[in-house]
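Student: Handing you a structure now.
Derivation of every value follows stated rules applied to the coordinates shown; laboratory data play no part. Values in this document were obtained by computation on a predicted structure and should not be read as measured data. Note that we place each Cβ from the backbone using ideal geometry, even for glycine, and neighbour counts take in every protein chain shown.
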Amino acid sequence: MAVLCTNCSGKLIFNPASQKLECVSCGSKFYPEDVADKDAELHAKYYSTRVYTCSHCGAEVITSDTEVSTFCVYCGNPAIVFNRISQECRPDGLIPFKITKDQAVSNISSKFLRNPLVPNEVKAKLTPDNIRGIYIPYWIVNANYTEADYLSGEVGSGKSKSTHYFSRAGDVEFNNVPVDGSKTLDDDASCKLEPFYLEEAKDFDEDYLNGFYSNISDLSYFDLKNSAAERCHKLFADEIVQSVKAKNVKIVDSIRWIDIMDDPLYMMMPVWFFTFKYKEKPYTILVNGQTGKVAGTMPWIIKRVVWISIAVTIAVMALLALLYIGLLPGRQSGFVPVLTFVIAGIITLSAAGFGKGLSGLLRIRNNLRLTQDKGIFKYVKRRQE
């Protein structure tokens with residue numbers, strides 16, 4: 001599927017900045033809905049597209065004739081080859097790319113590259129040439145959802161603290177619940193990219209795909225129903241846990257029912273992929289192509305983290321020692337209580353900082369797991385080891 005310029009027959013590429021198709025030859029601009037496809041009817045059930053296969057990781061992606069990159073969008077290897085023409089089911093709609101490739105680079109750079117812990121060789125990889133835009137499949141679901149939960153929580157404090165049990169149940173009608181349409185793309189990663197704003201969605205038109213990769217949903221109706229139930233459960237559980245007046249509330253057991261109303265909408269959402277390797281490990285940073293939100297994290301130089309931790313520890317210990325032996329100015333007879341208060345404050349702040357740092361490291365480790373996850377990295381139906 002290649003849409004040609006009516007002025008010079010050059011290929012047209014969709015530009016997120018102008019929201020128009022732009023001719024690579026003469027620079028003419030057209031709105032996608034104003035360009036007629038010669039080989040496709042607007043309301044046809046299927047549309048034709050080209051399938052490319054990566055000879056390294058086995059990923060299959062679909063793309064228009066206007067994408068001529070030789071780099072795999074998933075693993076970054078320069079080894080993708082044209083495989084076949086495929087007839088794919090036409091989605092109901094899509095959200096066009098609004099964030100440009102340069103803006104995606106800028107957003108990633110602002111979030112990560114000012115950090116001295118990020119390796120320079122990774123920073124050097126962040127160029128527009130290493131970023132690819134891909135439309136990922138989503139299903140938009142309306143559902144009647146029922147859940148009954150059995151929860152535990154701690155009541156009281158000290159010796160009077162005890163564990164109590166609670167029950168909650170309710171019915172909710174959920175509208176426009178987004179469900180990631182791929183089995184292999186990590187749901188946690190897709191959730192971190194959200195929200196996508198459906199009010200900006202367009203009726204599906206292949207012209208919006210020009211210059212981008214795309215993928216198709218591989219969920220069965222049973223898979224879709226289970227994924228929708230899991231998304232609804234997370235939303236429901238957040239409210240249920242907050243309704244219990246206790247500490248450390250946990251759901252011990254849960255029973256769920258879901259009834260999907262109407263036919264779910266099949267949508268395509270825009271995402272920029274920055275894929276690279278560091279020390280033979282794959283990394284993928286995702287950028288929401290509509291809002292610019294960045295998901296994922298960068299590898300760190302572990303030695304620098306260790307040395308910074310040691311330096312901070314030595315500085316704190318030195319300050320405590322100076323305070324204790326009275327080398328700092330102002331030590332007087334009434335200074336001891338103040339000194340004790342200052343030392344206690346430093347210890348408290350150090351402990352709090354350590355706890356916050358540890359929490360941050362755990363969060364970063366979880367993001368790093370998602371960034372290195374092969375489901376995100378490949379996002380494929382099969383893998384060739």
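Student: Of LYS98/LYS192; LYS11/LYS111; LYS245/LYS293; LYS161/LYS245; LYS11/LYS123; LYS111/LYS225, which ones are farther than 25 Å apart at the Cα?
Tutor: Details: LYS98/LYS192 18 Å; LYS11/LYS111 35 Å; LYS245/LYS293 34 Å; LYS161/LYS245 14 Å; LYS11/LYS123 33 Å; LYS111/LYS225 36 Å.
From the list (LYS98/LYS192; LYS11/LYS111; LYS245/LYS293; LYS161/LYS245; LYS11/LYS123; LYS111/LYS225), the Cα-Cα distance tops 25 Å for LYS11/LYS111; LYS245/LYS293; LYS11/LYS123; LYS111/LYS225.
Student: Then there's this: Applying the Karplus parametrisation 6.51 cos²θ - 1.76 cosθ + 1.60 with θ = phi - 60° to the phi angles of the stretch 173-179, what ³J(HN,Hα) value in whole Hz is obtained for each residue in order, glycine and proline being reported as x?
Tutor: 9, 9, 10, 6, 7, x, 10
Student: Sorted by mean Cβ packing within 10 Å, highest first, what order do the peptides 279-288, 232-241, 110-119 take?
Tutor: Numbers: 279-288: 19.3, 232-241: 16.1, 110-119: 14.1.
With the highest mean Cβ count within 10 Å placed first, the list reads 279-288, 232-241, 110-119.
Student: Separate question: How would you order 199-207, 94-102 from highest to lowest mean count of nearby Cβ atoms within 10 Å? All intermediate terms of the calculation are to be shown ahead of the outcome.
Tutor: Details: 199-207: 16.4, 94-102: 20.2.
So the peptides 199-207, 94-102, ranked by packing, come out 94-102, 199-207.
Student: Normalised by the number of residues in the stretch 132-297, what is the relative contact order in percent for Cα pairs under 8 Å and 6+ residues apart?
Tutor: Over the stretch 132-297, the number comes to 39 percent.
Student: A further question follows. If each of SER220 and LYS247 carries a label point 7 Å out from its Cα toward its Cβ, how far apart are those two points in nm?
Tutor: Simple spin-label model gives 4.7 nm for this pair.
Student: 5 Å is the cut-off here: which amide hydrogens, built 1.01 Å from N in the peptide plane, fall below it relative to ASN210, excluding neighbours closer than 5 in sequence?
Tutor: It is PHE14, by chain and number.
Student: Hey, what do the phi angles of the stretch 283-289 turn into as Karplus ³J(HN,Hα) couplings, whole Hz, using 6.51/-1.76/1.60 and θ = phi - 60°, x for Gly and Pro?
Tutor: With coefficients 6.51, -1.76 and 1.60, one gets 9, 9, 9, 10, 10, 4, x Hz.
Student: Mind listing the long-range amide H neighbours of ASN215? Cut-off is under 5 Å, sequence gap 5 or more, other chains count too, H placed in the peptide plane at 1.01 Å from N.
Tutor: Correct list: TYR135.
Student: Which entries of LYS183/LYS281; LYS101/LYS281; LYS101/LYS277; LYS29/LYS277 have Cα-Cα distances beyond 28 Å here?
Tutor: On the way: LYS183/LYS281 22 Å; LYS101/LYS281 24 Å; LYS101/LYS277 20 Å; LYS29/LYS277 37 Å.
Beyond 28 Å between Cα atoms: LYS29/LYS277.
Student: Another question, if that's okay. Between CYS191 and LEU4, what is the label-point separation in nm under the 7 Å Cα-to-beta-carbon projection?
Tutor: Placing both labels 7 Å beyond Cα along the Cβ direction yields 4.9 nm.
Student: Modelled label-to-label distance, ASP171 and CYS26, 7 Å Cα→beta-carbon offset: nm?
Tutor: Once both label points are built, they end up 6.2 nm from each other.
Student: Taking θ = phi - 60°, what integer Hz values does the Karplus form 6.51 cos²θ - 1.76 cosθ + 1.60 yield along the stretch 220-227, in sequence order, with x for Gly and Pro?
Tutor: 7, 4, 5, 4, 4, 5, 5, 5
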